[in-house]
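Visitor: Mind looking over this structure? Questions follow.
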Amino acid sequence: KNVYFSYNGRNNWILEDINLDIKKGSIVGIKGTTGSGKSTFLDILMGLLHPKSGQFLVDGVIISDKNKRSWQAILGHVPQNIYLTDSSISENITINIPKNEIDQKRLKFAIEVSQLQSVIKNLPFGLETIIGERGGLLSGGQRQRIGIARALYKNPEILILDEATNALDVKTETNLIKALKLIKSNITVFMVSHRLKTLKNCDQIIKIEDGKIIRIAKYNDFSDNDV
């Protein structure tokens, strides 16, 4: 609500007069080029930054330093570059959770939605396959799917995919979005990309340019000039 943000008290706004309502359970696309302000928008959404003026509210409650931890506890964030350890796929999804405490039902769910089944099926030791330092034995798309599965294993209410599907092939990305739509009554998804086609299955797309929201529309309402 009326959000403005700048760094170090500067007068030039990184975000300017942002007004936006997001419905729970929707899949929302965020489109913007480098420097458009979308990264700052995400940082405010995740409670990492607070508006210089205006408010960020969840169900009418202002997110501040006092309550941001409880807000962040229900977020699942998948960045473009996924940090992976030289351990098994299972350990990379359920990171820091002892093996005997892993929720197998939740793990299976995360694997199915993130489209990891075919990857695991073709590996010599399945879920227990060691993937190498930084996941060096996997492709970029496979690493991104592990990152998505890790976020989903947390059972988040909000899932943020920050350029997190750009290494996926079209079929895998489509199947991922279809799976997310099936569970969307329980989860709100933000998909961030500079490519419009990546956001074609979103319920709405928010275009940010020069720190301002310049358009909110469905994919088919964008013109051919929008890439």
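For every residue, the table says whether it meets (1) at pLDDT 90 or above; (2) closer than 15 Å to ARG145 by Cβ; (3) loosely packed, with under 14 Cβ neighbours inside 10 Å.
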{"site": "GLU101", "(1), (2), (3)": "yes, no, yes"}
{"site": "ALA110", "(1), (2), (3)": "yes, yes, no"}
{"site": "VAL119", "(1), (2), (3)": "no, yes, no"}
{"site": "ASN122", "(1), (2), (3)": "no, yes, yes"}
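Visitor: In segment 15-31, what residues are more than 23 Å from LYS181 (Cβ to Cβ) and either free of Cβ contacts under 8 Å to residues at least 40 places away in the same chain or under 21 Å from the mean Cα position of the chain (by Cα) (or both)?
Guide: Those that are more than 23 Å from LYS181 (Cβ to Cβ) and either free of Cβ contacts under 8 Å to residues at least 40 places away in the same chain or under 21 Å from the mean Cα position of the chain (by Cα) (or both): LEU15, ILE18, ASN19.
Visitor: Then there is this: Is it true that THR165 is farther than 29 Å from GLY25 by Cα, touching a Ser or Thr at 6+ places or on another chain (Cβ under 7 Å) and either at pLDDT 85 or above or not acidic (Asp, Glu) (or both)?
Guide: For THR165, the condition - farther than 29 Å from GLY25 by Cα, touching a Ser or Thr at 6+ places or on another chain (Cβ under 7 Å) and either at pLDDT 85 or above or not acidic (Asp, Glu) (or both) - is not met.
Visitor: State the number of residues belonging to segment 127-168 that are open to solvent by less than 30 Å² (accessible area, probe 1.4 Å), of a type in the set (S, T, N, Q) and not in a helix (DSSP H, G or I).
Guide: 2
Visitor: Just one of ASP21, ASP65 is under 27 Å from THR198 (Cα atoms) and of a type in the set (Asp, Glu); which is it?
Guide: Of ASP21, ASP65, the one residue that is under 27 Å from THR198 (Cα atoms) and of a type in the set (Asp, Glu) is ASP21.
Visitor: Right, another one. Pairs please, first residue from segment 155-176 and within 27 Å of ILE102 (Cα to Cα), second anywhere and part of a helix (DSSP H, G or I) and open to solvent by 50 Å² or more (accessible area, probe 1.4 Å), Cβ atoms under 8 Å, 6+ apart in sequence or on different chains.
Guide: From residues that are within 27 Å of ILE102 (Cα to Cα), the pairs are ASN155/ARG106.
Visitor: Do the conditions hold for SER53, that is, is it over 28 Å from ASP203 (Cα atoms), open to solvent by less than 40 Å² (accessible area, probe 1.4 Å), more than 22 Å from the chain's Cα centre (by Cα) and of a type outside the set (Val, Ile, Thr)?
Guide: no
The values are calculated or read from the model by the stated rules, or taken from the named source; none is laboratory data. In this text the structure is predicted, and so the values were computed from the model without any measurement. We place every Cβ from the backbone using ideal geometry, glycine too, and count neighbours over all the protein chains shown. Accessible surface areas use protein heavy atoms only, side chains included; no ligands, DNA or RNA. Shrake-Rupley method; radii C 1.70, N 1.55, O 1.52, S 1.80 Å.
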